[in-house]
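Below is one structure, written out as structure tokens, with a few remarks after it.
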Amino acid sequence: MRSRFLYIRPVSGPEQDFEARYPGIRLAPVTVIIPAYDEEQTVASVVASVPAEMSGLATSVLVVDDGSRDRTAERAAGAGAYVHRQANGGQGAALRAGYRVAASRGAEILATLDADGQWSAADLAPMVELVARGEADLVSGSRRLGSDQVTERARQAGVVVFGRLITVLTGQAVTDPANGLRVMKADVARTVRLEQPQFQAAELLLSALSAGFRYREVPVAHLPRQAGVSKKGNDLLYGARYGAAVVRTYVRDRGWRHRGRA
Ligand SMILES: Nc1nc2c(ncn2[C@@H]2O[C@H](COP(=O)(O)OP(=O)(O)O)[C@@H](O)[C@H]2O)c(=O)[nH]1
Ligand SMILES: [Mg+2]
């Protein structure tokens, strides 16, 4: 499938920053993108936990740090990751920059992982396998098909409610629309329109489904944070904003399905 759009909005020159640090570098076919903000206590062990190969393909790790006040970038680089730095713009902007850098530096399959140890890199392997075998274009982890050791009731309710909402809107069964583990063909990131500074998981999913990409879910484990604090803030406010992002993306992209794709 050839991509018709390059909709990932540029974020203060990610390519330039990355190119200045790593001139001419090509990333591995599978690149694991880790957004990290003030995660110096855990980022090195998370980077080190990414297997050198998945599905017989070599992996690179790309940490996106936007203005951490601690030693996140140094720790990540010390553990062997490529580090892209930019001005603070939220987790969505960080992931978008990561997708853009990786897709333009040779990565064919993009994966995401959090820097706080709440998701396990080992769970990415079966997800990469589905994309590498051509059985899916976008794969999300699901704590509801797998396990959830984080018993925050508001969060768990939010996952169920928004999963149902997206299922109703798209007709695709979605059980965990805020999972940190995602794997996709680079083409998906090149095609979908990503603008959300924070809620890019919902935007990516809705946009990819509207564009006709094939979606799968794989059971994964959600673990307690190893150190530090969540960057998400008040759960109710977060939920309301997340819901608004879902509706906004749905309204924006719903025509795609009817227009069809090349
Ligand atoms: N670069 C960057 N990473 C972020 C930002 N906000 C959150 N993250 C990272 O995104 C991942 C998930 O965030 P977290 O606060 O753990 O969310 P939670 O698990 O839903 O509570 C972690 O690796 C964070 O460091 C941000 O503004 N910029
Ligand atoms: Mg977390």
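The values are calculated or read from the model by the stated rules, or taken from the named source; none is laboratory data. Being a predicted model, the structure only gives us computed values, none of them experimental. Methodologically, a virtual Cβ is constructed for each residue, glycine included, from the backbone with ideal geometry; neighbour enumeration extends over all protein chains shown.
Here are some conditions: (1) part of a helix (DSSP H, G or I); (2) touching a Lys or Arg at 6+ places or on another chain (Cβ under 8 Å); (3) not aliphatic (A, V, I, L, M). Gln198 meets all but one. Which one does it not meet?
(1)
Condition test on Val192, is it more than 11 Å from ligand 1 (Cβ to nearest atom) and either touching a strand residue (DSSP E or B) at 6+ places or on another chain (Cβ under 8 Å) or at pLDDT below 90 (or both)?
Working: more than 11 Å from ligand 1 (Cβ to nearest atom): yes; either touching a strand residue (DSSP E or B) at 6+ places or on another chain (Cβ under 8 Å) or at pLDDT below 90 (or both): no.
The answer is no for Val192.
For the stretch 215-262, which positions are modelled with pLDDT of 90 or more, over 19 Å from the mean Cα position of the chain (by Cα) and of a type in the set (Asp, Glu)?
The answer is Asp253, and nothing else.
Restricting attention to the stretch 19-47, which residues are within 21 Å of Val128 (Cβ to Cβ), crowded, with 19+ Cβ neighbours inside 10 Å and of a type outside the set (A, V, I, L, M)?
Listed by number, the residues that qualify are Pro29, Thr31, Pro35.
Quick one: would you say Pro51 is away from ligand 1 (no atom under 11 Å from the Cβ) and either in contact with a Gly (Cβ under 7 Å, 6 or more places away or on another chain) or at pLDDT 95 or above (or both)? Break it down into steps so the answer makes sense when it comes.
Working: away from ligand 1 (no atom under 11 Å from the Cβ): yes; either in contact with a Gly (Cβ under 7 Å, 6 or more places away or on another chain) or at pLDDT 95 or above (or both): yes.
When the stated conditions are applied, Pro51 passes them.
Here is a list: Ala111, Ala97, Ala154. Which entry is touching a helix residue (DSSP H, G or I) at 6+ places or on another chain (Cβ under 9 Å) and not in a helix (DSSP H, G or I)?
On the way: Ala97 fails: not in a helix (DSSP H, G or I); Ala154 fails: not in a helix (DSSP H, G or I).
Just a single option satisfies the conditions, and that option is Ala111.
Can you name the number of the only condition in (1) within 14 Å of ligand 2 (Cβ to nearest atom); (2) closer than 15 Å to Gly92 by Cβ; (3) of a type outside the set (Phe, Trp, Tyr); (4) free of Cβ contacts under 8 Å to residues at least 60 places away in the same chain that Gly180 fails?
Status for Gly180: all satisfied but (4).
Using beta carbons and a limit of 7 Å, which pairs, at least six apart or on different chains, have the first residue in the stretch 193-219 and farther than 13 Å from Arg182 by Cβ and the second one modelled with pLDDT under 95 and among the aromatic types (Phe, Trp, Tyr)?
Once the first residue is farther than 13 Å from Arg182 by Cβ and sits in the stretch 193-219, its partners that are modelled with pLDDT under 95 and among the aromatic types (Phe, Trp, Tyr) give Arg193/Tyr7; Phe199/Tyr242; Leu206/Tyr250; Ser210/Trp256; Ala211/Trp256.
Can you pull out every residue in the stretch 107-119 that is more than 13 Å from Met54 (Cβ to Cβ) and either of a type in the set (S, T, N, Q) or more than 14 Å from ligand 1 (Cβ to nearest atom) (or both)? Break it down stepwise before answering.
Within the stretch 107-119, the subset more than 13 Å from Met54 (Cβ to Cβ) is 112, 114-119.
Of everything in the stretch 107-119, those that are more than 13 Å from Met54 (Cβ to Cβ) and either of a type in the set (S, T, N, Q) or more than 14 Å from ligand 1 (Cβ to nearest atom) (or both) turn out to be Thr112, Gln118.
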